[in-house]
Amino acid sequence: MSAKRHQAALAARGSRGRWRRWRRGRPFTAAVLIALGGAEMLVTLRAPLGVLLHVGPQGLAAYLVPTVLVLCGVLLITNPQQRVFYSLVTLVLGLVSWLTSNLGGFVIGMLLALLGGALAFAWTPDKNRPPVVAAEPEAPEPREPDNDADTVLLPGMQTPDPTPADRG
């Protein structure tokens with residue numbers, strides 16, 4: 001029973017390690033903060049408060065700004081190479097949300113978006129860590145032939161060294 005627990009612990013540790021490497025290879029925290037800020041702004045737009053008023057183009061912008069913020073958060077996770085562009089868009093939209101989305105989602109959503117945008121702008125990938133690539137299946141190692149007369153060489157294989165009996 002302890003062997004099964006040990007194997008389960010090793011499997012869990014391996015999956016956590018893969019998750020940690022994937023998460024650190026992108027501005028994950030910044031993207032989550034940006035998406036939460038946009039979602040909070042969208043929630044406050046739907047709040048049943050009598051003081052909120054959306055008329056005309058400002059009503060469209062009230063829904064468009066937080067939606068683009070959530071989209072920027074998702075895109076930061078999926079495409080971290082474009083982090084500078086997404087972070088600048090986030091910072092501009094975070095400030096614009098003050099006017100369009102009920103004081104930036106009652107200030108909370110705006111602060112989350114601005115903090116996430118600043119973190120995304122400042123994030124840089126670790127230069128010392130090798131890039132994460134998809135694991136390719138390993139090619140099977142060539143076997144030693146049983147009989148030298150029946151040896152078939154595939155492209156890329158070396159010819160076997162002759163044995164002392166074959167040389168003379």
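The values are calculated or read from the model by the stated rules, or taken from the named source; none is laboratory data. Note that the structure is predicted; figures quoted are calculated from it, not measured. We place every Cβ from the backbone using ideal geometry, glycine too, and count neighbours over all the protein chains shown.
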Could you list, in sequence order, all residues of the stretch 16-43 that are surrounded by fewer than 16 Cβ atoms within 10 Å (Cβ to Cβ) and of a type in the set (D, E, K, R)?
ARG16, ARG18, ARG20, ARG21, ARG23, ARG24
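Do we find that GLY117 is in contact with a Leu (Cβ under 9 Å, 6 or more places away or on another chain), buried (at least 18 other Cβ atoms within 10 Å of the Cβ) and modelled with pLDDT of 85 or more in this structure? Show your work before the answer.
Details: in contact with a Leu (Cβ under 9 Å, 6 or more places away or on another chain): yes; buried (at least 18 other Cβ atoms within 10 Å of the Cβ): yes; modelled with pLDDT of 85 or more: yes.
So GLY117 fits the description; yes.
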Flagged pairs (Cβ under 7 angstrom, 6 or more apart or on separate chains; first in the stretch 53-79, closer than 14 Å to MET110 by Cα; second of a type in the set (Ser, Thr, Tyr) and modelled with pLDDT under 85) are ALA62/THR100; ALA62/SER101; VAL65/THR100; VAL65/SER101; PRO66/SER101
